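Inspection log for the structure reproduced underneath, given as structure tokens.
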Amino acid sequence: MNTDPDSSLGISTSFCASPPQNISLNRRAFLLRSATALGGCAYCLGCSPVWAARAEPKGSPLLSPGCRRSRVKVARVYLGKPDAHWPTPKLDLNAERRSYEADFAKMHDAFADIGFTVDELVTDKKQVEGLAERLKSADGILLIHLSMGMQETIEAILACGRPTALFAAPYSGHEWSQLGAIRQKPVGKRLECFLTSDRSQLAAAVRPFRAIHHPREAKILNVTERARDEAKTQAWQAKYGTEFKTLDRQRMLAAYEAVSWEDAATEARRWVHQAAKVVEPSREEIIRSCRLALAFENLLAEENATVITVDCYGTMYRKLPAFPCVGFVRLNDLGLGGICESDLTSAMTYIILQGLSGRPGFISDPTVDEATNSLILAHCLGTRRMDGPRGKAAPYRLRTIMERQEGCVPQVFMRRGQRVTQAWLATAETLSYFTGEIIAVPDSDRGCRTQIKVRVDGNVTKVWQNWAHGLHRLTCYGDLTGDLERFCRYTDLAFVNEA
């Protein structure tokens with residue numbers, strides 16, 4: 001039985017009533033009001049385990065944030081010659097290999113989504129011929145240099161044309177002195193090197209392979225009535241292998257109706273309980289938003305997809321029972337992806353950054369402050385788990401969308417002092433970026449609800465002078481410069497620092 005009190009209204013008219021004015025409920029007051037309306041008691045609701053629970057994504061399980069179809073294919077190749085003079089003629093290659101395998105085991109979580117499709121000790125160039133087809137099918141090749149005398153073998157592996165990371169610890173050989181020259185040759189254009197004693201960098205070496213794999217396995221759902229930009233999507237499909245599917249309003253409404261009002265109310269109580277404050281949105285608005293949120297998750301599971309975007313300010317404006325903001329934040333928290341305004345460029349950038357970092361991105365409309373060499377990055381939708389699905393959720397309030405003064409959106413307060421990277425897949429051939437630090441978390445009645453003020457590494461004047469390709473940008477926690485640079489080298493992208 002449908003107990004939605006608004007079910008007798010048409011979808012468009014459900015937006016017509018103005019939201020209650022001058023409402024500012026703290027969490028306890030809202031719980032009392034909601035509990036009474038739902039026929040329960042606030043104390044019982046507050047003690048329910050549902051408050052501590054966090055929903056897991058439906059459908060096939062995520063292998064890592066942003067990917068559920070298959071593991072990343074990595075060819076792991078150990079390189080060494082018996083009786084080589086460096087590091088020592090007494091080196092036991094098999095024992096050396098086992099020592100690395102022990103370190104991989106210690107870093108299990110960093111490789112949990114990796115499938116080693118090749119795992120071999122190669123001692124001679126001739127072995128490469130027998131491995132060539134398997135090497136060519138990998139997302140990337142991880143070479144672990146054990147002894148000298150392997151330069152020809154390295155170049156034979158590079159001739160397979162796959163992105164290749166070479167890990168060489170001190171004393172492994174003299175080949176390091178040729179690596180710079182090899183990288184300048186056509187055969188070495190997809191070679192990156194880690195010359196370090198820090199074996200934890202093996203995890204860093206495979207991160208760009210994940211960012212290559214994820215777009216190839218990704219499926220982006222776009223809820224819109226607009227015609228798709230075929231030139232752009234076909235360029236992305238050709239380069240990254242990403243699948244795009246348009247869903248119409250009726251499919252979205254059917255998914256919404258398939259979610260019970262009771263399940264939506266339970267989800268709404270979770271959001272209210274965890275919020276620092278509920279300011280403008282009504283109880284019904286929050287429940288409708290949560291019902292749409294659950295519908296998003298169900299659609300992604302049905303389609304075996306990981307990202308959804310909605311033309312919320314275009315062809316879907318006031319044509320859905322709620323704004324998608326809560327649903328997008330919820331997906332981002334779970335390791336999936338919710339993208340504003342049918343912005344497929346944001347979706348592609350999001351998938352790449354999530355692949356590199358395991359963390360979601362924050363889409364923003366920036367505004368410039370040259371006085372502090374900073375940008376204020378603002379959007380009403382703010383992701384709570386910017387450290388990733390297992391990270392701690394940031395505090396938030398439930399608000400209306402600032403420029404619309406309607407709907408329901410989490411106003412998220414991110415972490416001051418956090419290093420961030422802002423990036424944008426400007427074209428199919430160019431990725432622009434800059435880095436900085438969050439120096440303030442404004443709570444302003446101007447702009448959008450969620451805001452961070454980022455002091456730019458470099459010159460913010462150059463940022464706005466170099467700005468192109470639209471307003472939106474995507475921000476991710478952490479300095480991802482090295483990972484992005486390697487990803488761009490592997491995928492033949494120009495890597496441009498806007499600052």
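The values are calculated or read from the model by the stated rules, or taken from the named source; none is laboratory data. A quick note: this is a predicted structure, and the numbers were derived from the prediction, not measured. In this analysis, Cβ positions are derived from the backbone assuming ideal geometry, glycine residues included, and neighbour counts consider all displayed protein chains.
How about the range 389-428: which of its residues are within 30 Å of Leu63 (Cβ to Cβ) and polar (S, T, N, Q)?
If the condition is that a residue be within 30 Å of Leu63 (Cβ to Cβ) and polar (S, T, N, Q), then Gln418, Thr421, Gln422, Thr427 are the ones that fit.
Taking the options Ala75, Ala132, name whichever one is of a type outside the set (Asp, Glu), part of a strand (DSSP E or B) and at pLDDT 95 or above. It would help to see each step written out before you state the result.
Values: Ala132 fails: part of a strand (DSSP E or B).
Unique residue meeting the criteria: Ala75.
Would you confirm, using the coordinates I've provided, whether Val329 is touching a Pro at 6+ places or on another chain (Cβ under 6 Å), at pLDDT below 95 and closer than 20 Å to Pro57 by Cα?
Judged against the criteria, Val329 is not a match.
Scanning for something touching a residue at least 12 places away in the same chain (Cβ under 8 Å), in the same structural domain as Glu120 (by TED's automatic domain parsing) and closer than 23 Å to Arg216 by Cα, does the range 166-187 turn up at least one residue?
No, because not a single residue in the range 166-187 is touching a residue at least 12 places away in the same chain (Cβ under 8 Å), in the same structural domain as Glu120 (by TED's automatic domain parsing) and closer than 23 Å to Arg216 by Cα.
Which of the residues that make up the range 166-184 are among the small types (Gly, Ala, Ser) and touching a Pro at 6+ places or on another chain (Cβ under 8 Å)?
Going residue by residue through the range 166-184, those that are among the small types (Gly, Ala, Ser) are 168-169, 172-173, 177, 180-181.
Scanning the range 166-184 gives Ser172, Gly173.
Scan the range 363-380 residue by residue and report those that are in contact with a helix residue (DSSP H, G or I) (Cβ under 9 Å, 6 or more places away or on another chain) and part of a strand (DSSP E or B).
Residues of the range 363-380 in contact with a helix residue (DSSP H, G or I) (Cβ under 9 Å, 6 or more places away or on another chain): 363, 366, 368-370, 372-375, 379-380.
If the condition is that a residue be in contact with a helix residue (DSSP H, G or I) (Cβ under 9 Å, 6 or more places away or on another chain) and part of a strand (DSSP E or B), then Ile363, Pro366, Val368, Asp369, Ser374, Leu375, His379 are the ones that fit.
Test each condition in (1) surrounded by fewer than 15 Cβ atoms within 10 Å (Cβ to Cβ); (2) in a loop (DSSP other than H, G, I, E, B); (3) of a type in the set (D, E, K, R) for Asp479 and report the one that comes out false.
(1)
Would you please name the residue that is farthest from Pro163 (Cα to Cα), looking only at residues in the range 75-103 that are crowded, with 17+ Cβ neighbours inside 10 Å and touching a Lys or Arg at 6+ places or on another chain (Cβ under 9 Å)?
Residue satisfying both the conditions and the ranking: Leu93.
Given Arg404, Arg415, which one is assigned to a loop (DSSP other than H, G, I, E, B), surrounded by fewer than 19 Cβ atoms within 10 Å (Cβ to Cβ) and modelled with pLDDT of 95 or more? Please lay out each step first, then the result.
On the way: Arg404 fails: modelled with pLDDT of 95 or more.
Result of the check over Arg404, Arg415: Arg415.
Considering only residues of the range 116-129 that are in a helix (DSSP H, G or I) and either loosely packed, with under 13 Cβ neighbours inside 10 Å or not hydrophobic (A, V, I, L, M, F, W, C) (or both), which is farthest from the chain's Cα centre (by Cα)?
Step one: list which residues in the range 116-129 are in a helix (DSSP H, G or I), which gives 126-129.
Adding the requirement that they be either loosely packed, with under 13 Cβ neighbours inside 10 Å or not hydrophobic (A, V, I, L, M, F, W, C) (or both) leaves 126-127, 129.
Numbers: Lys126: 40, Gln127: 38, Glu129: 37 Å.
Checking each candidate, the answer is Lys126.
So the check is Cβ under 7 Å with 6+ separation or different chains; which pairs have a first residue in the range 476-499 that's free of Cβ contacts under 8 Å to residues at least 60 places away in the same chain and in the same structural domain as Val420 (by TED's automatic domain parsing) and a second one that's crowded, with 19+ Cβ neighbours inside 10 Å and part of a strand (DSSP E or B)?
Note: pairs meeting the criteria are Cys488/Leu431.
Taking the stated definitions as given, is Ala238 surrounded by 20 or more Cβ atoms within 10 Å (Cβ to Cβ) and within 27 Å of Ser346 (Cα to Cα)? Walk me through how you get there before you give the answer.
Details: surrounded by 20 or more Cβ atoms within 10 Å (Cβ to Cβ): no; within 27 Å of Ser346 (Cα to Cα): yes.
So Ala238 does not fit the description; no.
Give the residue, chosen from Thr383, Thr421, that is of a type in the set (Ser, Thr, Tyr), assigned by TED's automatic domain parsing to the domain that holds Glu284, closer than 30 Å to Ala235 by Cβ and part of a strand (DSSP E or B). I'd like the intermediate steps shown before the answer.
Details: Thr383 fails: part of a strand (DSSP E or B).
Every option except Thr421 fails the conditions.
In this structure, is Phe296 in contact with a Gly (Cβ under 8 Å, 6 or more places away or on another chain) and closer than 18 Å to Leu62 by Cα? Lay out the reasoning, then the answer.
On the way: in contact with a Gly (Cβ under 8 Å, 6 or more places away or on another chain): yes; closer than 18 Å to Leu62 by Cα: yes.
So Phe296 passes the test.
Check every one of the helices (runs of 4 or more DSSP H) wholly within the range 194-270 and list those with 1 or more residues that are under 20 Å from the mean Cα position of the chain (by Cα) and free of Cβ contacts under 8 Å to residues at least 12 places away in the same chain. Give the steps one after another, and end with the answer.
Working: elements: 201-217, 230-240, 249-257.
Answer list for the range 194-270: 230-240.
Checking the condition more than 30 Å from Gly358 (Cβ to Cβ) and assigned by TED's automatic domain parsing to the domain that holds Arg449, which residue from Arg291, Arg228, Arg283, Arg270 passes?
So the residue among Arg291, Arg228, Arg283, Arg270 that is more than 30 Å from Gly358 (Cβ to Cβ) and assigned by TED's automatic domain parsing to the domain that holds Arg449 is Arg283.
Can Arg473 be described as basic (Lys, Arg), surrounded by 14 or more Cβ atoms within 10 Å (Cβ to Cβ) and at pLDDT 95 or above?
Numbers: basic (Lys, Arg): yes; surrounded by 14 or more Cβ atoms within 10 Å (Cβ to Cβ): yes; at pLDDT 95 or above: no.
The answer is no for Arg473.
Please verify whether Ala238 is in contact with a Leu (Cβ under 7 Å, 6 or more places away or on another chain) and over 30 Å from Arg397 (Cα atoms), treating the condition exactly as stated. So that I can check it myself, show each step before the final result.
Values: in contact with a Leu (Cβ under 7 Å, 6 or more places away or on another chain): no; over 30 Å from Arg397 (Cα atoms): yes.
When the stated conditions are applied, Ala238 does not pass them.
Checking Thr461 against (1) touching a residue at least 40 places away in the same chain (Cβ under 8 Å); (2) buried (at least 18 other Cβ atoms within 10 Å of the Cβ), which test does it fail?
Unmet for Thr461, out of (1) touching a residue at least 40 places away in the same chain (Cβ under 8 Å); (2) buried (at least 18 other Cβ atoms within 10 Å of the Cβ): (2).
For the range 159-187, enumerate the residues that are crowded, with 21+ Cβ neighbours inside 10 Å and either in contact with an Asp or Glu (Cβ under 6 Å, 6 or more places away or on another chain) or part of a helix (DSSP H, G or I) (or both).
Ala165
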